[in-house]
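Let me begin by presenting the structure, written as structure tokens, before commenting on it.
Every number here is computed from the coordinates shown, using simple stated rules; none is lab data. As the structure is a computational prediction, the values presented were derived from the model and not from experiment. Glycine gets a Cβ as well: all are built from the backbone with ideal geometry, and neighbour counts include every protein chain shown.
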Amino acid sequence: AKEKGKNNYQFFNREMNEEILKKLVLENQLRKAIEEQQFQIYYQPLLDLRTNRIVSTEALIRWEHPEKGFISPADFIPLAEETGLILPIGEWVLNEACKQTSMWRDQGFDLSISVNLSNRQLMNENIVETIKTALRHHQLDPKHLILEITESMAIINLADTLHKLKQLRDFGVHIALDDFGTGYSSLSYLSMLPITSVKIDKSFIDDINNRMKKEIVKSITNIAHSIGLKVVAEGVEDEQQFTTIRSLGLERVQGYYLSPPLPADEVEEKVLAVKV
Ligand code: C2E
Ligand code: CA
Ligand code: CA
Ligand code: CA
């Protein structure tokens, strides 16, 4: 039994080492990706249901590895957060997205930009200054930047998070609560944060034609409206979902039904150039 226990321990150890090794390899590749600029930003349009116009895009990072091809952000953002590499990566995204949006605005497109802000970024003591600097540098009015944060992140260090978000809000930046409905927090918690909108998670939109889910989305929307928040539906994939959402009085929709995330030039060709 003693022998077996020893073997188990070694086996466990080997598995652990493989896990750690894999991470180290990916971490090194991430560092290299930053140096060699293997990242790209795709932009996914958001439609305003009141005006039927594209009013914003969301910046979504893409990593094209020279050998492995496209690696999903879901597969590398967590490690980037763990290692702190999300700080340089996030700053790059923020600056690129502000630069692109400023260019679009100069071309006469009245667009805002949504940028995802990870937990680790929000914990960084320089984050408020980093964001202000990016806006000034690219001459983008703060009211045209929407930072997307998640519920879980806001809870971790509430006092510190609140302080930073308030500074950003005072500066004029908008704040959206992403993936709403998937976290632990209640709707009353919402009123504590200086947010300006909520993005209802795709999981609710998937079954929006289920009566129960529809009622939930309707209730979230009504409560959000009653405390002055705008409501966005993400992950809208078909006409039926789109029609139902439109009937519930939400402000904005985003999803493959309208457009997938696209490189900037394709957004111009396929979305912005199309006159409605
Ligand atoms: P998210 O912020 O919730 O972004 C929405 C995700 O849903 C994106 O996946 C988008 O491409 C996808 N999506 C949009 N519409 C549809 C639809 O109709 N159907 C389906 N099935 N999917 C749709 P993506 O680009 O793979 O990003 C995954 C997550 O990675 C994001 O989730 C976000 O949490 C994170 N992420 C992406 N870019 C960044 C970034 O620049 N910084 C940070 N911190 N996180 C990022
Ligand atoms: Ca998002
Ligand atoms: Ca989301
Ligand atoms: Ca998400």
remark   = Residue separation between D141 and Q40 times 0.36 nm, minus their alpha-carbon distance, gives in nm 34.0 nm
remark   = Counting all Cα-Cα pairs in region 165-276, those more than 20 Å apart amount in percent to 46
ask   = How far apart, in nm, are the 7 Å Cα→Cβ label points at D170 and L158?
value = 2.1
message = Can you give the FRET efficiency to the nearest 0.05 for T130 and Q240, using r as the Cβ-Cβ distance and R₀ = 35 Å?
response = 0.25
Neighbour cut-off at most 16 other Cβ (10 Å), DSSP loop, GluC sites (Glu not before Pro), region 162-252 = E237
Solution diffusion estimate, µm²/s, Stokes-Einstein, region 102-244, Kirkwood Rh from C-alpha pairs, 10 °C, viscosity 1.306 mPa s = 98
query = Where does helix 127-137 land angle-wise versus the long Cα axis of the chain, in degrees 0 to 90, nearest 10?
reply = 50
ask   = Which percent, nearest 5, of DSSP beta bridges in the chain are antiparallel?
value = 45
Members of K23/K132; K22/K68; K166/K218; K22/K202 lying beyond 23 Å, as alpha-carbon distances in this model show = K23/K132; K166/K218; K22/K202
message = To test your reading of the geometry: what angle, between 0 and 90 degrees and rounded to tens, separates the Cα axis of helix 158-171 from the longest principal axis of the chain?
response = 40
inquiry  = With the crude spin-label approximation of a point 7 Å out along Cα→Cβ, what separation in nm comes out for E266 versus V55?
reply    = 2.6
query = What distance in nm separates the simple spin-label points at M123 and S247, each placed 7 Å from Cα in the Cβ direction?
reply = 4.5
task = Find, among the GluC sites (Glu not before Pro) in region 46-115, those assigned to loop by DSSP (not H, G, I, E, B) with at most 14 other beta-carbon atoms within 10 angstrom.
result = E67
remark   = Length gained if Q107 through E18 is fully extended, taking 0.36 nm per residue and subtracting the Cα-Cα distance, is 27.0 nm
ask   = Between the DSSP loop rule and a limit of at most 15 other Cβ atoms within 10 Å, which chymotrypsin sites (Phe, Trp or Tyr not before Pro) in region 168-276 are left?
value = Y184, Y256
key: Longest segment of the chain lacking trypsin sites (Lys or Arg not before Pro) that sit in a DSSP loop with at most 11 other Cβ atoms within 10 Å   = 69-274
ask   = Which number do you get for Rg(Cα) / (2.2 N^0.38 Å) in the chain?
value = 1.11
